[in-house]
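J.: I have a structure here, written as structure tokens, and I will follow up with some questions on it.
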Amino acid sequence: MRDLTLFLAALFIGMGFFALYDRIYGSADPIAGLYCMPSIVRAGDPVYCEDLSLYAQDVAWDFDGADPQWMNPNSGPVALRFSKAGDRVITVTASTADGRQDQKRFSLRITESNLMDEPQLITLHVQALEEKVTLEKRFPIDEVKDDHPHAFDADEQRYEFLFEADPGYDIQGVRLQMRSTSGMVNLRSRTLPDRNAAQIEFTLRSGPKADPYRAWFRGDAILIQSAIVDSEGLDILGDFYIDHYGTYRLPRLSLSELRWIELLDSEGEILAAGAPGEEMISRDGRLGFRLRDQGDTSLLTVTKRRMN
């Protein structure tokens with residue numbers, strides 16, 4: 001008798017649960033539910049979607065070309081990754097056994113993978129490594145050979161001139177500018193190894209007594225000098241806007257002639273700084289900047305650095 005009582009009690013409880021289930025899932029219309037975050041994401045980054053459907057016996061997903069990666073095969077959100085930028089629509093269809101359906105759609109914006117989270121305006125400052133000052137000085141030369149020591153043979157005389165550099169300058173070269181000359185041979189000009197002086201040599205050949213022609217040279221020796229002067233302060237090369245990771249084309253900077261580079265943010269604070277050719281790291285360590293010359297332009301490469 002007791003066993004029969006327990007059997008009937010279990011039967012009534014089971015029928016109650018079945019009736020409740022049938023009332024909810026058998027007679028109630030399905031409600032599709034879906035929530036995804038974030039709604040704007042870079043290509044390749046994950047989007048997490050959660051199924052919130054009710055009164056459904058079957059749920060179908062349409063990922064609109066995404067590559068779904070299930071975080072948990074049994075429950076929990078689905079991680080989606082889109083490889084290309086564009087607008088996407090995730091669709092969930094909730095249905096019952098008798099064919100009733102409901103759908104919900106969630107729109108996503110997939111941006112280019114190299115877009116920056118916080119675009120910013122940057123001012124580029126550079127300091128020249130050195131400034132070269134060029135100086136040219138003229139030294140007049142007026143030499144005449146009008147003696148004739150031999151009766152029938154020409155006579156030669158060698159002339160040498162030494163020009164010293166001005167204090168603080170190095171000699172880059174010397175050249176001879178002729179105004180009038182006759183009978184000049186064996187011209188030679190050279191800069192001494194330590195570049196503190198230059199030399200010009202030539203020979204004048206006059207005729208014999210039997211043919212007493214003269215020889216002369218009238219002109220200028222031009223001494224080319226240069227001095228290296230350290231530059232002071234920073235030159236502002238202009239502003240540019242960065243909104244993605246990648247390479248930006250700038251006017252040529254001639255990096256070999258620069259000592260220091262500074263990138264300033266929109267507040268005028270130093271964002272990153274460094275010597276030409278080395279990677280410049282932003283204050284927060286998230287961005288890397290590198291400049292290089294290429295042809296008649298310079299290229300600024302902006303990279304996203306890994307945070308340890």
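The values are calculated or read from the model by the stated rules, or taken from the named source; none is laboratory data. None of these values were measured; they are calculated from a predicted model. In this analysis, Cβ positions are derived from the backbone assuming ideal geometry, glycine residues included, and neighbour counts consider all displayed protein chains.
J.: Mind counting the residues in the stretch 251-276 that are of a type in the set (S, T, Y) and closer than 22 Å to R305 by Cα? Spell out how you get there, then give the answer.
T.: Looking only at the stretch 251-276, we keep the residues that are of a type in the set (S, T, Y), and these are 254, 256, 266.
So of that shortlist, the ones also closer than 22 Å to R305 by Cα come out as 266.
Number of matching residues: 1.
J.: What are the residues in the stretch 22-53 that are exposed (fewer than 14 other Cβ atoms within 10 Å of the Cβ), farther than 25 Å from G86 by Cβ and at pLDDT below 80, if any?
T.: Passing the criteria: D22, R23, I24, S27.
A quick yes/no check of all residues on (1) modelled with pLDDT under 90; (2) farther than 23 Å from Q225 by Cα:
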{"position": "A128", "(1), (2)": "yes, no"}
{"position": "E131", "(1), (2)": "yes, no"}
{"position": "K145", "(1), (2)": "no, yes"}
{"position": "D153", "(1), (2)": "no, yes"}
{"position": "Y169", "(1), (2)": "yes, no"}
{"position": "L176", "(1), (2)": "yes, no"}
{"position": "S180", "(1), (2)": "no, yes"}
{"position": "Q199", "(1), (2)": "no, no"}
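J.: Still on this structure, I have one more. From the list R175, R188, exactly one residue is in contact (Cβ under 8 Å) with a residue 40 or more places away in the chain, over 18 Å from D147 (Cβ atoms) and touching a strand residue (DSSP E or B) at 6+ places or on another chain (Cβ under 9 Å). Which is it?
T.: Details: R188 fails: in contact (Cβ under 8 Å) with a residue 40 or more places away in the chain.
The match here is R175.
J.: Separate question: Given (1) modelled with pLDDT under 75; (2) within 27 Å of Y245 (Cα to Cα), where does F82 come up short, assuming only one miss?
T.: (1)
J.: Report the residue count in the stretch 54-72 for those that are part of a loop (DSSP other than H, G, I, E, B) and at pLDDT 80 or above. I'd like the intermediate steps shown before the answer.
T.: Our first condition is that a residue be part of a loop (DSSP other than H, G, I, E, B); within the stretch 54-72, this holds for 55-57, 63-66, 71-72.
Retained after the next criterion (residues that are at pLDDT 80 or above): 55-57.
Selection size over the stretch 54-72: 3.
J.: For the stretch 274-290, how many residues meet the condition of being more than 16 Å from M116 (Cβ to Cβ) and either surrounded by fewer than 16 Cβ atoms within 10 Å (Cβ to Cβ) or β-branched (V, I, T) (or both)?
T.: 4
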